[in-house]
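Asks: First the structure, which I've put down as structure tokens, then a few questions once you've had a look.
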Amino acid sequence: MRRFKDLDRFEVLCWVFTLAAILFLAGPVAGLLLSVDPDFFAHDARDPEIWRSLKITVFSGFASSMLGLVTGLPLAWVLSTSSVRVRNTIEPLIEIPILLPPVIAGICLVSFLSEKSIVGGIFSRLGIEFISSVWGIVAGMYFVGVPFIVKTSLSAFQEIDHRIIRTARLLGAGSARAFFTIVLPHSSRAILTGFILMLGRSIGIFGTVVMIAYEPKTVPVLVYHRFVSMGIEAAKTPAVLLIGLSLLFFAMRRLTVRGS
Amino acid sequence: MLKVSDLCKSFSGFSLKKASFEVAEGELFVMLGPSGVGKTVLLECLAGLERVDSGSITLDGKNITCAPIQERSIGLVYQDQALFPHLTVWENLAYGLKVRGHSAETIRSKIDDIAEKVGVGALLGRRTDTLSGGEAQRVALGRTMAVSPRCLLLDEPISSLDARSRSEMRRLIRELNRAGQTIIHVTHDFDEALSLASRIAFMEDGRVVQTGPPDEVFRHPQSEFVASFIGLRNFFRGVLEPGEGTRYFISGSIRLSVVTDAEPGNGVATLSAEEVVLSAERPAGSARNVFPGRVIDVAAVRGGIEIVLDVGTELTARISNESMNEMKISCGCELWASFKATAVKFHPG
């Protein structure tokens, strides 16, 4: 361990900026948690609306992330096994939801999924409405979250020595068998990381979801609603619960990283 | 048993150009050629991992050119083993049997059997990343043998190993072959080919240019390429006698002095044609091997003349054009051939 007096001027400067950045990152969260009045929180947290929105958020988050696995893994597998040209064409498309401002993504989805559009019309005939429904929330979360699963699993798939997959085929495994017994276990950590990242993104997304469904309210929407209609104190209660949920996922992600 | 006809496959870097050869049941067929002539691609085509452009592959009379990988009964072991890193040694060995739906009981007894055969019985519970190169290669070999392939393809299985594991691996490959396994073994290593092959095929530029038993190929290379790849022209099959220091190698009617610490037994001895010195009188030098003989062939080759003498067996010497002119050699001449004991290389096998 080096002592402070051993550091030269540049290193001291780096440390100053490091501490400033950490303070700015951790400070607001810590500040919010410290400013909560425990009695008010204990009373307010019993509001059934908060629990309803927490349930909707967690359910939609898991549903969209599961959907993300089911569709994102085959997509990543196709990309990892296809030619460079195909990959270079499709891979940038995956990044659109990451780069697109969430509100704009919401607008796109509303016009894509409303019952007046072709796609929305088809679903509407099947009895599935997206606007102001849990389906819409799941769709919005899926749109902004699935790139995380595709990106993390794609890089894991690309790392696999193709000869071990070929060997599995030679030993008698069909392509599906080789995928499930060799490719998936080999990439499980990356896939889990992608799943948790998508879950975190889904649960926290506000802009996209609020455009599709102001009701039923997810927790971020509820925080916004309470903030504009009841003031900041009322917004803190669901905010603190959401921080707790995010920290839980954050801890899960650290654990999966530590394992490697 | 396996017949390959006019196989073509073009790749960005190189191509197979009408490669044809045939492998008989129980053979240990060694495909020899420098790196980058398409040996691995050829194996991958046989195994069905690469689609061929044209040509045909038949196994036991059945055309398998376009058969799915898992229905070919061809096993392939890669040079770097390609073990499944998330599975233990036992699970690696059992993989093929599991996907073929064998019962747990059958798998267990079969794995015990295979593990003993390839000598990995003590490693079954180990993770694959704790294995040495030689151990990993045995596991890879056992994993493929477990599904009893009709034909076993080995892609440079020995090149990446240390000297000790090499000779063990060679012995294992020979044992598997003796037990009846048909093997196609690919290598760029001339010694490896000598010590293993029952037949050798030479690959040059995507083509199979010559096939035959090792002695024939080495005595009568049919192209400049094969001759230069071999680099030496004298090949003797025989028995090494026990002893210390300079020992005797008996091949037919002749007895060669060799310096080697190899185990006594069957093998081949090779001698570079450049090492053989010709003289009109019996030489008085220190050479341990001195034979009188009669010239039976004289041929001009690149950079000199090759003289074939009958000394009880054929012995080829390479001399310069100047020496040729000075000595006035022609067919029927009686000459003395001599070479040092250290010039003779012994290969067990």
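Asks: Pairs, please: C-beta under 6 Å, at least 6 apart or cross-chain, first residue over 16 Å from residue A:64 (Cβ atoms) and in segment A:116-137, second modelled with pLDDT under 90 and assigned to a loop (DSSP other than H, G, I, E, B)?
Replies: A:120/A:114; A:121/A:115; A:124/A:115; A:131/A:114; A:132/A:215
Asks: Which condition does residue A:82 not pass, out of (1) farther than 27 Å from residue A:245 by Cα; (2) at pLDDT below 90; (3) under 21 Å from the mean Cα position of the chain (by Cα), if it passes all the others?
Replies: Here residue A:82 meets the rest and fails (3).
Asks: Return a yes/no flag: does segment B:328-342 have any residue that is at pLDDT 85 or above, crowded, with 19+ Cβ neighbours inside 10 Å and touching a Leu at 6+ places or on another chain (Cβ under 6 Å).
Replies: yes
Asks: Scan segment B:12-35 and tell me whether some residue there is touching a Leu at 6+ places or on another chain (Cβ under 6 Å), of a type outside the set (Gly, Ala, Ser) and over 28 Å from residue B:225 (Cβ atoms).
Replies: no
Asks: Do the conditions hold for residue A:65, that is, is it under 17 Å from the mean Cα position of the chain (by Cα) and surrounded by 12 or more Cβ atoms within 10 Å (Cβ to Cβ)?
Replies: So residue A:65 passes the test.
Asks: Here is a list: A:183, A:150, A:146. Which entry is over 13 Å from the mean Cα position of the chain (by Cα) and either in a loop (DSSP other than H, G, I, E, B) or modelled with pLDDT of 90 or more (or both)?
Replies: After ruling out the rest, the residue left standing is A:183.
Asks: Got a number for residues in segment B:313-348 being free of Cβ contacts under 8 Å to residues at least 60 places away in the same chain, assigned to a helix (DSSP H, G or I) and in contact with an Asp or Glu (Cβ under 9 Å, 6 or more places away or on another chain)?
Replies: Qualifying residue count for the region: 0.
Asks: Return the residues of segment B:90-109 that are β-branched (Val, Ile, Thr) and either more than 8 Å from chain A (Cβ to nearest Cβ) or out of contact with any Ser or Thr (no Cβ under 8 Å at 6 or more places or on another chain) (or both); say none if nothing qualifies.
Replies: Of everything in segment B:90-109, those that are β-branched (Val, Ile, Thr) and either more than 8 Å from chain A (Cβ to nearest Cβ) or out of contact with any Ser or Thr (no Cβ under 8 Å at 6 or more places or on another chain) (or both) turn out to be B:106, B:107.
Asks: Same structure, new question: Identify, from the list B:74, B:57, the residue that is among the aliphatic types (A, V, I, L, M), crowded, with 18+ Cβ neighbours inside 10 Å and within 30 Å of residue A:187 (Cα to Cα).
Replies: Residue meeting the stated conditions: B:74.
Asks: Name the single residue that is farthest from the chain's Cα centre (by Cα) among those in segment A:109-120 being at pLDDT below 90 and not aliphatic (A, V, I, L, M).
Replies: Once the filter is applied, the top-ranked residue is A:116.
Asks: Let me ask something else about it. Can you pull out every residue in segment B:49-74 that is more than 9 Å from chain A (Cβ to nearest Cβ) and part of a strand (DSSP E or B)? Even if it seems obvious, please write down each step before you answer.
Replies: To start, the set of residues in segment B:49-74 that are more than 9 Å from chain A (Cβ to nearest Cβ) comprises B:50-67, B:73.
Once the filter is applied, which keeps residues that are more than 9 Å from chain A (Cβ to nearest Cβ) and part of a strand (DSSP E or B), segment B:49-74 yields B:54, B:55, B:56, B:57, B:58, B:59, B:62, B:63.
Asks: Which count do you get for residues in segment B:11-43 that are over 17 Å from residue B:159 (Cβ atoms), among the β-branched types (Val, Ile, Thr) and at pLDDT below 85?
Replies: Matching residues across segment B:11-43 total 0.
Asks: Something else about it: Among what's in segment B:115-162 and is of a type in the set (A, V, I, L, M, F, W, C), more than 22 Å from residue B:30 (Cβ to Cβ) and away from chain A (no Cβ under 13 Å), pick the residue that is surrounded by the fewest Cβ atoms within 10 Å (Cβ to Cβ).
Replies: Restricting to residues being of a type in the set (A, V, I, L, M, F, W, C), more than 22 Å from residue B:30 (Cβ to Cβ) and away from chain A (no Cβ under 13 Å), the top hit is B:122.
Asks: If you scan segment A:125-163, which residues turn out to be within 14 Å of another protein chain (Cβ to nearest Cβ) and either crowded, with 20+ Cβ neighbours inside 10 Å or within 14 Å of residue A:195 (Cβ to Cβ) (or both)?
Replies: A:156
Asks: Follow-up. Among the listed residues B:216, B:244, identify the single one that is without any contact (Cβ under 8 Å) to a residue 12 or more places away in the chain, of a type outside the set (A, V, I, L, M) and assigned to a loop (DSSP other than H, G, I, E, B).
Replies: The match here is B:244.
Quick grid of which residues meet (1) in a helix (DSSP H, G or I); (2) farther than 30 Å from residue B:46 by Cβ:
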position	(1), (2)
A:163	yes, no
A:168	yes, no
A:173	no, no
A:177	yes, no
A:216	no, yes
A:223	yes, yes
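Asks: Output the residue which, of all residues in segment A:75-132 that are basic (Lys, Arg) and part of a helix (DSSP H, G or I), is farthest from residue A:213 (Cα to Cα).
Replies: Checking each candidate, the answer is A:85.
Asks: Mind checking which residues of segment B:75-89 are over 12 Å from residue A:182 (Cα atoms) and within 7 Å of chain A (Cβ to nearest Cβ)?
Replies: Hits for segment B:75-89 are B:75, B:76, B:78.
The values are calculated or read from the model by the stated rules, or taken from the named source; none is laboratory data. These figures come from a predicted structure and were not determined experimentally. We place every Cβ from the backbone using ideal geometry, glycine too, and count neighbours over all the protein chains shown.
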